[in-house]
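Chemist: Would you mind keeping the following structure in view while I ask a few things?
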Amino acid sequence: MPATKKEPAVERVSLSEQAYYTIRERILKGAIALGAPLSRRKLAVELGMSLLPVAEALQALESDGLVESRPRVGTRVCLPSADEIRERYEVREALESQAARLYSAKASSREKREMERMAEHLDAMFNRAASGTDHDHDFLYAVHNYHLEFHLRIAEFARCRVLREMIEKNHVLIFNWLFDIAASRPPLPPHFHRDLTDSLNRGKVEIADKAMRAHVRHGIESVVGALAHRAVDRPFQRVK
């Protein structure tokens with residue numbers, strides 16, 4: 001029967017998606033470090049799956065730019081060079097500064113108040129993480145998710161659907177998060193996101209643009225300095 005023939009394919013897609021999100025979450029939580037080798041066999045055992053859905057998940061993560069593979073060598077979490085790190089920040093700066101310009105011209109009073117509330121909550125989360133009272137992977141992952149939501153909401157209130165999709169699909173915030181946690185970047189200023197929101201809410205396009213560019217660039221060189229040497233010192237090693 002046709003329906004019976006399709007069932008294995010449906011199950012495989014479901015398993016590959018499950019593997020994709022599980023491995024991706026581990027990377028974003030810092031449980032799997034930048035440059036760490038990824039063994040399909042070990043992951044399959046850990047996840048209780050066959051090799052096929054794990055291989056499909058790793059292919060999807062490679063398409064996203066989160067992992068990299070080399071023939072006859074293996075797969076690992078991407079470990080970027082200094083130039084690659086700077087390029088990721090440059091892409092984010094270009095996209096988010098445009099979102100800031102549009103937001104400053106189009107956001108309503110209600111939307112501005114919402115961003116103020118989100119900024120205060122986000123700063124509180126970052127301050128809690130910086131205080132050393134909570135370095136739990138799950139909490140740091142919650143900070144990342146709320147940070148992503150905060151910046152995507154700016155793009156949403158900019159009323160440019162394509163721009164918001166580009167920010168999300170290019171994973172610019174995800175990569176910056178990975179770089180930050182891997183480099184153990186110094187704590188952010190206590191009102192970092194509230195100060196940004198205050199500048200965006202003034203309704204002046206050039207002020208919003210300047211504030212977002214400074215926001216994105218903050219601490220780049222400390223991240224580059226902490227990570228760049230690792231890309232040189234950690235060669236691609238063979239894994240099974």
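Chemist: Ranked by Cβ crowding within 10 angstrom, fewest neighbours first, how are Y21, Y141, Y103 ordered?
Modeler: Y21, Y141, Y103
Chemist: Another one. Please compute the length gained on full extension between S222 and Y146, using 0.36 nm multiplied by the number of residues separating them and subtracting their Cα-Cα distance.
Modeler: 25.0 nm
Chemist: Greater than 22 Å separation of Cα atoms is the criterion. Which listed pairs, K169/K204; K106/K210; K42/K169; K112/K204; K112/K210, meet it? Kindly include the intermediate steps, with their values, before the conclusion.
Modeler: Working: K169/K204 28 Å; K106/K210 17 Å; K42/K169 29 Å; K112/K204 13 Å; K112/K210 18 Å.
Over 22 Å apart, Cα to Cα: K169/K204; K42/K169.
Chemist: If I take every Cα pair under 8 Å that is 6 or more residues apart in segment 105-223, average their sequence separation and divide by the length, what percent do I get for the relative contact order?
Modeler: Computed over segment 105-223, the figure is 35 percent.
Chemist: So how do L52, L140 line up by other beta-carbon neighbours within 10 Å, fewest first?
Modeler: So the ranking, lowest neighbour count to highest, is L52, L140.
Chemist: Between (i) 23, 22, 18; (ii) 35, 22, 17; (iii) 33, 18, 16, which entry matches semi-axes √(5λ) of the Cα gyration tensor in Å as derived from the coordinates of this structure?
Modeler: Comparing each candidate, only (ii) matches the computed number.
Chemist: 222 nm [θ] for the chain, helices only, -39500 (n - 2.57) per DSSP H run of 4+, per residue, to 500?
Modeler: -24000 deg cm²/dmol
Chemist: If you take the alpha carbon radius of gyration of segment 110-156 and divide it by 2.2 N^0.38 Å, what ratio comes out, to two decimals? Write down the numbers at each step before the final one.
Modeler: Numbers: Rg = 11.5 Å, N = 47, 2.2 N^0.38 = 9.5 Å.
Expressed relative to 2.2 N^0.38 Å, the Cα Rg reads 1.21.
Chemist: Another question, if that's okay. Taking the Cα centre as origin and putting +1 on Lys and Arg beta-carbons and -1 on Asp and Glu beta-carbons, what dipole magnitude results for segment 57-96, to the nearest 20 debye?
Modeler: 320
Chemist: Another question about this same structure. State which helices in the chain qualify, where a helix is a whole DSSP H run, it must extend 15 Å or more along its own axis by its Cα atoms, and its mean Kyte-Doolittle hydropathy must be at least 0.0.
Modeler: Span-like helices in the chain: 51-64, 172-183, 220-233.
Chemist: Right, something else. Using label points projected 7 Å from each Cα along Cα→Cβ, tell me how many nm separate A55 and Y21, to one decimal.
Modeler: Modelled inter-label distance: 2.4 nm.
Chemist: Just want the ordering: S109, S222, from fewest to most Cβ atoms lying within 10 Å of their own Cβ.
Modeler: Going from sparsest to densest Cβ surroundings: S109, S222.
Chemist: If you build a Gaussian network model of the chain, linking Cα atoms that sit under 10 Å apart, which residue out of V224, V73, V91 swings the most?
Modeler: V73
Chemist: Relative contact order for the chain using alpha-carbon pairs under 8 Å, separation at least 6, rounded to a whole percent?
Modeler: Over the chain, the number comes to 30 percent.
Chemist: Among L196, L122, L188, determine the one that fluctuates most according to a GNM of the chain built with springs between C-alpha atoms less than 10 Å apart.
Modeler: In the Gaussian network model the winner is L188.
Chemist: Same structure again: Under a Cβ-Cβ cut-off of 15 Å, what is the net charge of the residues other than R110 that fall near it, where Lys and Arg count +1 and Asp and Glu count -1?
Modeler: After counting each charged neighbour, the total is +2.
Every number here is computed from the coordinates shown, using simple stated rules; none is lab data. None of the values given here were measured: they were computed from a predicted structure. A quick note on method: Cβ atoms are made from the backbone with ideal geometry, for glycine too, and the neighbour counts reach across all protein chains shown.
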